[in-house]
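Before any comments, here is the structure.
The values are calculated or read from the model by the stated rules, or taken from the named source; none is laboratory data. Everything numeric in this text was worked out from a predicted model, so none of it was measured. Don't worry about glycine lacking a Cβ; one is built from the backbone with ideal geometry, like all the others, and counts go over all protein chains shown.
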Ligand code: G4P
């Protein structure tokens, strides 16, 4: 009589799955691109996907960009929403690795969304336009990365166009960010003189051939010492000037230490041209070598001593009405530990509520693809039954709390009212939901008798989105009246400190939506006055929501 095959013991099974999860984690890289509009984020994304053989998706990236820049007014806002709407991960394979590129909204007004999305990344790629250098939006986003200790790689784009000198760009990075830029390659000329780049690791020269631009081909590679004899078409003065610059960089600069990069003290710098594909492959190899595999997001005290297959992840984005055909809310979760399996039961750490994750998708724009499993670093869209809040940790078997999401000082404040009293209930319900999604922040006057909704956001367009959605989804018309505040500072203080706090004349004490103390201020000058008048209280421009 034949015996039935025995199932492996639970211990053996879990050991096997821990090893598999670790293999999958180590082959993943999850990152986001930070840049100022027009620096070339879309083009770089497209080209990375092209090199990862995700050609269809690469085309769609461009399509979305042109759609969203084509229209004006409400449509433009809607299209802008389109960017954040589809903010998810684009996935491609390169040299045996699975790369998850987190898509972030390009418009400054939605940067709160970008800040939160950065929390789901293990590294960031800062794209700088060679001609323009570091622009305001890049600066802000870099500071968020620094605050959250996300290592940053730099891609200096558009070297095929005349721009600033590469040395000037390195100097600017060092001056503005107090980080050491360490070039990994060096351009041979720029603009119409652009001839290729020198790989600083081995002194080989990758030659640019404009007839091959835009195609996915490896460039011709020659050694630096043979350059003049092999390529007589390259002007000797260009070769000399590049040689001198390379020598200067070598003498003055340090070499790249991975630990320094991971600790935020150094940024590797790659020069290239996304439009012509030049330098992309070199960058991708460098990126894979340097970018860390997905981290667990648990505090050192919470990290299990033994590797565990227990799943956990956190929600960094909630989006309603992603697709008008579905009319639902999707929560985007970044897997941090263990393995996600469709239909698994998890606990929401905040509410301790158990929930079955039966509808999980990979989402790109309007398209959804059901997923059965996911590993650390992966982003999944969960159809949200109204149970999840931004920043929630979902976990299996044991309860873990991951780092919270950051809340940044808003720059615009306004009171929002429902103009149709009969729709007040719907207005309240809609607003509550939008706040939970992170579409807007809300503050209340700490002393006012009547509790008014003082809404606050980093970008002005966020108010338009909230009003538009209240009207279209909840049939609640609204009116908006601006308040003069321009900044918020959070603080922790004893009751005595709080009652003795000295505020600038035009400032106001407030509570945010989580009940945390804050001061609302009208200018940078007011902040200085606030600090001077209250030296024993620490005021913060960012808070981590828990
Ligand atoms: P963004 O997402 O950061 O906003 O920038 P995007 O990639 O859309 O690039 C902005 C403009 O810069 C585009 O030109 C794009 O073609 C161009 N560009 C990007 N990378 C390079 C590069 O390496 N070299 C050169 N010369 N140009 C580059 P556009 O005319 O605004 O748009 P399009 O008509 O080309 O789409």
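Scanning segment 453-496 for residues that are surrounded by 14 or more Cβ atoms within 10 Å (Cβ to Cβ) and over 32 Å from the mean Cα position of the chain (by Cα) gives 476, 477. Annotation note: of 154, 104, the sole residue that is buried (at least 24 other Cβ atoms within 10 Å of the Cβ), at pLDDT below 90, assigned by the TED database to the domain that holds residue 247 and within 15 Å of the ligand (Cβ to nearest atom) is 104. Within segment 467-485, being at pLDDT below 90 and closer than 15 Å to residue 413 by Cβ holds for no residue.
Any idea which of 141, 153 is in a strand (DSSP E or B) and either in contact (Cβ under 8 Å) with a residue 40 or more places away in the chain or farther than 17 Å from residue 89 by Cβ (or both)? Spell out the reasoning first.
Working: 141 fails: in a strand (DSSP E or B).
Within the list 141, 153, the selection yields 153.
Which ones in segment 22-43 are out of contact with any helix residue (DSSP H, G or I) (no Cβ under 6 Å at 6 or more places or on another chain), outside any helix (DSSP H, G or I) and more than 9 Å from the ligand (Cβ to nearest atom)? Within segment 22-43, 27, 28, 29, 30, 31 meet the criteria. Summed over segment 175-193, the residues that are within 16 Å of the ligand (Cβ to nearest atom) and either in contact with a strand residue (DSSP E or B) (Cβ under 7 Å, 6 or more places away or on another chain) or not assigned by the TED database to the domain that holds residue 244 (or both) give a count of 3. Screening the candidates 340, 314, 283, 388 for the property of being crowded, with 22+ Cβ neighbours inside 10 Å, at pLDDT 90 or above and more than 20 Å from the chain's Cα centre (by Cα) yields one hit, 340.
When residue 86 is tested against the conditions (1) within 16 Å of the ligand (Cβ to nearest atom); (2) at pLDDT below 90; (3) surrounded by 23 or more Cβ atoms within 10 Å (Cβ to Cβ), the lone failure is (3). For residue 119, the stated conditions do not hold, so it cannot be described as closer than 19 Å to residue 46 by Cβ, in contact (Cβ under 8 Å) with a residue 24 or more places away in the chain, crowded, with 21+ Cβ neighbours inside 10 Å and in contact with a strand residue (DSSP E or B) (Cβ under 8 Å, 6 or more places away or on another chain).
Counting just the residues of segment 127-138 that are in a helix (DSSP H, G or I) and within 11 Å of the ligand (Cβ to nearest atom), which one comes out surrounded by the fewest Cβ atoms within 10 Å (Cβ to Cβ)?
Applying the first criterion (in a helix (DSSP H, G or I)) to segment 127-138 yields 136-138.
With the extra rule that they be within 11 Å of the ligand (Cβ to nearest atom), the set shrinks to 137-138.
On the way: 137: 18, 138: 23.
By that ranking, first place goes to 137.
Total residues in segment 393-430 satisfying the condition of being more than 18 Å from the chain's Cα centre (by Cα), over 27 Å from residue 486 (Cα atoms) and buried (at least 21 other Cβ atoms within 10 Å of the Cβ): the figure is 5. Just one of (1) over 18 Å from the mean Cα position of the chain (by Cα); (2) at pLDDT 85 or above; (3) near the ligand (Cβ under 10 Å from one of its atoms) fails for residue 46. It is (1).
In contact with a strand residue (DSSP E or B) (Cβ under 8 Å, 6 or more places away or on another chain), farther than 30 Å from residue 293 by Cα and part of a strand (DSSP E or B): which single residue out of 382, 480 fits that description?
Numbers: 382 fails: farther than 30 Å from residue 293 by Cα.
Sole residue among the options that is in contact with a strand residue (DSSP E or B) (Cβ under 8 Å, 6 or more places away or on another chain), farther than 30 Å from residue 293 by Cα and part of a strand (DSSP E or B): 480.
Is it the case that residue 472 is free of Cβ contacts under 8 Å to residues at least 24 places away in the same chain and not in a loop (DSSP other than H, G, I, E, B)? Yes: the conditions hold for residue 472.
Does at least one position in segment 160-174 carry a residue that is part of a loop (DSSP other than H, G, I, E, B), out of contact with any helix residue (DSSP H, G or I) (no Cβ under 9 Å at 6 or more places or on another chain) and in the same structural domain as residue 284 (by the TED database)? No, segment 160-174 contains no residue that is part of a loop (DSSP other than H, G, I, E, B), out of contact with any helix residue (DSSP H, G or I) (no Cβ under 9 Å at 6 or more places or on another chain) and in the same structural domain as residue 284 (by the TED database).
Contact map, segment 270-289: first residue within 15 Å of residue 201 (Cα to Cα) and touching a residue at least 24 places away in the same chain (Cβ under 8 Å), second residue more than 15 Å from the ligand (Cβ to nearest atom) and part of a helix (DSSP H, G or I), Cβ cut-off under 7 Å, separation 6 or more or different chains; pairs are 270/286.
Within segment 241-256, one or more residues are away from the ligand (no atom under 16 Å from the Cβ) and over 19 Å from residue 171 (Cβ atoms).
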